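**Q** Got a structure for you, questions after.
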Amino acid sequence: MAFQKERVDVLGVGISALNLDSAKRTILERLEKREKGYICVTGVHGVIEAQDDSKFRNILNDSFLTTPDGMPMVWVSWLRKHHEVDRVYGPDLMLEMAEATQNGKFTHFLYGGRPGIAELLQKRLEDRFPGIRIVGTYTPPFGPLSPDQTRELEKRFQDLRPDMTWIGLSTPKQEKFMAEYLPKLHTTVMCGVGAAFDFHSKVVKQAPRWIQRAGFEWLYRTIQEPRRLFWRYLRNNTRFLWRYGLSCLGLEPPRREEGVSIAFLGCRGVPARYSGFETLVEEL
């Protein structure tokens, strides 16, 4: 697959070949030029979601940047001779941009999180980075925005015109939101950072840096939230290893087909073309 900019192909997803410093500089240049674009911060979870959702895969590949959020994205990049690549972790990127813009030249908007989180995050960032201009927050409903809510949001952005909008939803919800709403809203750059809202508002504890660098943040987070994350990480990590191993052997990993499914060993239903280990991994 060919990508417009310098990217590393990870199972059909183009991961931008950059590091935290080059990402920051690239975003600042974009803001200076007032060129619209959205940023996806993507790791194993996003890549695996993209295997069975072609629309989501296109969203990742059509982004202004799709940064290597997890260490596996960095390791794959190194194997492909992109030694300049390092992790561009969503929470770190948010802090870098907050520090770089605390002169007040560019404004920010916080969209997402549970009730009260965006407001708490605003206070934390303003305390840490005096001079940063956060012009508004919005906590969306759990489901899609209604027409009235969309009009309300459009009006707020028309009035506030933030330069950079941070999206704190889950993947793939935040990426789909950015692709749909960036053309509708008066903002220049959108960046989906997910759990950064919880981390920087101090309601969820981040993994120590050495655990992050070792590639075991997923385990740390699973211990914190086992009910929510255990099966997700088991499924995604196993599928990623399986599919990347196949791709290294020059084999095309199967993708889920819509419509045709069969029952298999008591599973909910799996595509007819799947069998064996891949089937079991898909339905974990």
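Here, each number is a calculation from the coordinates, and none is a lab measurement. A quick note: this is a predicted structure, and the numbers were derived from the prediction, not measured. Here the Cβ positions follow ideal geometry from the backbone for every residue, glycine too, while neighbour counts run over all protein chains shown.
**Q** Out of the DSSP beta bridges found with both residues in the chain, what percent are antiparallel (nearest 5)? Write down the numbers at each step before the final one.
**A** Details: 6 of 28 bridges.
Looking only at bridges with both residues in the chain, the antiparallel portion is about 20 percent.
**Q** Please order Leu251, Leu182 by the number of other Cβ within 10 Å, starting at the fewest.
**A** Leu251, Leu182
**Q** Specify which labelled value, from (i) 26; (ii) 21; (iii) 11, agrees with percent of Cα pairs over 34 Å apart derived from the coordinates of the model shown.
**A** Only one listed value fits the structure, namely (ii).
**Q** Now a separate question. Taking Cα atoms, how many degrees apart are the long axis of helix 90-100 and the longest axis of the chain, rounded to 10 and kept between 0 and 90?
**A** That helix lies at roughly 20 degrees to the long axis.
**Q** Another question, then. State whether the stretch 97-186 is rounded, prolate or oblate according to the following rule on the C-alpha gyration tensor (a ≥ b ≥ c being the square roots of its eigenvalues): a/c under 1.5 gives rounded; otherwise a/b larger than b/c gives prolate, and the remaining case gives oblate.
**A** Note, shape of the stretch 97-186 comes out prolate.
**Q** What is the sum of charges around Thr107, taking Lys and Arg as +1, Asp and Glu as -1, for the other residues whose C-beta is under 11 Å from the C-beta of Thr107?
**A** The answer is +2.
**Q** Using the structure shown, select from Lys33/Lys202; Lys173/Lys202; Lys24/Lys176; Lys36/Lys205; Lys24/Lys105 the pairs with a Cα to Cα distance greater than 26 angstrom.
**A** Lys33/Lys202; Lys36/Lys205
**Q** With each pseudo-label sitting 7 Å past Cα toward Cβ, what's the Arg151-Val203 distance in nm, one decimal?
**A** Label at Arg151, label at Val203, 3.0 nm between them.
**Q** Helix 20-33 versus the longest principal axis of the chain: what is the Cα-based angle in degrees, 0 to 90, to the nearest 10?
**A** Once rounded, the angle reads 50 degrees.
**Q** For the chain, build the charge dipole from Cβ charges (+1 Lys, Arg; -1 Asp, Glu) around the Cα centre, then report which of Gln149, Val13, Tyr220 sits farthest towards its positive end.
**A** Tyr220
**Q** Roughly how big is the chain's charge dipole about its Cα centre, with Cβ charges of +1 (Lys, Arg) and -1 (Asp, Glu), in debye to the nearest 20?
**A** That gives a dipole near 300 debye.
**Q** What is the spin-label model distance, in nm, from Asp62 to Arg161 if the labels are put 7 Å beyond Cα along the C-beta direction?
**A** Reported label-point gap for Asp62 and Arg161 is 2.7 nm.
**Q** Relative to the first principal axis of the alpha-carbon coordinates of the chain, what is the inclination of helix 117-128, with its axis defined by its Cα atoms, in degrees from 0 to 90 and to the nearest 10?
**A** So the inclination is approximately 60 degrees.
**Q** Separate question: What residue among Tyr138, Tyr220, Tyr89 has the largest mean-square fluctuation in a Gaussian network model of the chain, using Cα springs under 10 Å?
**A** Taking springs between Cα atoms under 10 Å, the residue moving most is Tyr220.
**Q** Further, regarding this structure: Find me the longest stretch of the chain that has none of the exposed GluC sites (Glu not before Pro), where exposed means in a DSSP loop (not H, G, I, E or B) with at most 16 other Cβ atoms within 10 Å.
**A** Counting only loop sites that pass the neighbour cut-off, the longest clear stretch is 85-256.
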